[in-house]
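The values are calculated or read from the model by the stated rules, or taken from the named source; none is laboratory data. None of the values given here were measured: they were computed from a predicted structure. Neighbour counts are summed over all protein chains in view; Cβ atoms, including those assigned to glycine, are modelled from backbone coordinates with ideal geometry.
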Amino acid sequence: MRHLNRGRRLSRTSSHRKAMYRNMAAALFTHGRIVTTPAKAKEARPFVEKLITLAKKGAGDLAARRRAIRLLHDPSLVRSLFEDLGVRYTERQGGYTRILHLAKTRVGDGARQVLFELVEGGAPAAKARKSSAKPRPAAVVADSGAAAPAAAGTAVAEKAGDDAGEKAEAEEKSE
């Protein structure tokens, strides 16, 4: 029975697993996304999200910065983590990473691949979708009682386009 034995071993020793999580986190923070296997991504996700949570504590928390340096072994990467990602995700309550399954498999052994990436911005995905709503088409705007401003806009466009119209007529005559 596997009581209290959480996590995947991934055919590695414990020190090799820690180094792999550290390297995956460093690559993710540097590039924003990496391609890996589903098992590795699912195991690295808590490690990465805990580091971002440490970074959210801010530049003033020296203990958090030292703990991040102890986990990542790269002070310059920790500096960028605290200055960029910590600020970027201040409003977000977790869920800093995303795992997207890819259709392609790895060439050497045919293993399934995923795209392990940081989510964009600090706002949760649901709020981002609402703010990026598509603008309504002009025909719908005209039907909703805004026909007069649309007509005035076309008149302005016609006045501005007089010069362009004259140029087009001159080109037609020259042909």
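The table below gives the values:
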quantity: Options Arg17, Arg112; residue that is more than 19 Å from the chain's Cα centre (by Cα) and touching a residue at least 40 places away in the same chain (Cβ under 8 Å); calculated: Arg112
quantity: Yes/no for Ile99 being within 18 Å of the chain's Cα centre (by Cα), outside any strand (DSSP E or B) and touching a residue at least 24 places away in the same chain (Cβ under 8 Å); calculated: no
quantity: Scope segment 59-94; condition closer than 15 Å to Phe29 by Cα and part of a loop (DSSP other than H, G, I, E, B); matching residues; calculated: His73, Asp74, Tyr89
quantity: Test: residue in segment 49-61 that is of a type outside the set (D, E, K, R), out of contact with any helix residue (DSSP H, G or I) (no Cβ under 8 Å at 6 or more places or on another chain) and over 26 Å from Arg9 (Cβ atoms); calculated: yes
quantity: Unmet requirement for Gln93, which otherwise passes all of (1) at pLDDT 95 or above; (2) loosely packed, with under 15 Cβ neighbours inside 10 Å; (3) within 16 Å of Val119 (Cβ to Cβ); calculated: (1)
quantity: Segment 32-68, residues that are free of Cβ contacts under 8 Å to residues at least 24 places away in the same chain, more than 21 Å from the chain's Cα centre (by Cα) and exposed (fewer than 15 other Cβ atoms within 10 Å of the Cβ); calculated: Gly60, Leu62, Ala63, Arg66
quantity: Residue check for Arg8: under 21 Å from Thr105 (Cβ atoms) and not aliphatic (A, V, I, L, M); calculated: yes
quantity: From Ala68, Ala55, Ala27, Ala59, residue being touching a Phe, Trp or Tyr at 6+ places or on another chain (Cβ under 8 Å), within 19 Å of Glu120 (Cα to Cα) and in the same structural domain as Val119 (by TED's automatic domain parsing); calculated: Ala55
quantity: One residue from Ala26, Ala19 being modelled with pLDDT of 95 or more, surrounded by 14 or more Cβ atoms within 10 Å (Cβ to Cβ) and part of a helix (DSSP H, G or I); calculated: Ala26
quantity: Members of segment 29-44 that are in contact with a strand residue (DSSP E or B) (Cβ under 6 Å, 6 or more places away or on another chain) and outside any helix (DSSP H, G or I); calculated: Gly32, Arg33, Ile34, Val35, Thr36
quantity: Condition check for His31: farther than 25 Å from Leu115 by Cβ and not acidic (Asp, Glu); calculated: no
quantity: Positions within segment 69-84 being more than 26 Å from His16 (Cβ to Cβ) and surrounded by 17 or more Cβ atoms within 10 Å (Cβ to Cβ), in sequence order; calculated: Phe82
quantity: Boolean, Leu62 is over 18 Å from Glu117 (Cα atoms) and hydrophobic (A, V, I, L, M, F, W, C); calculated: yes
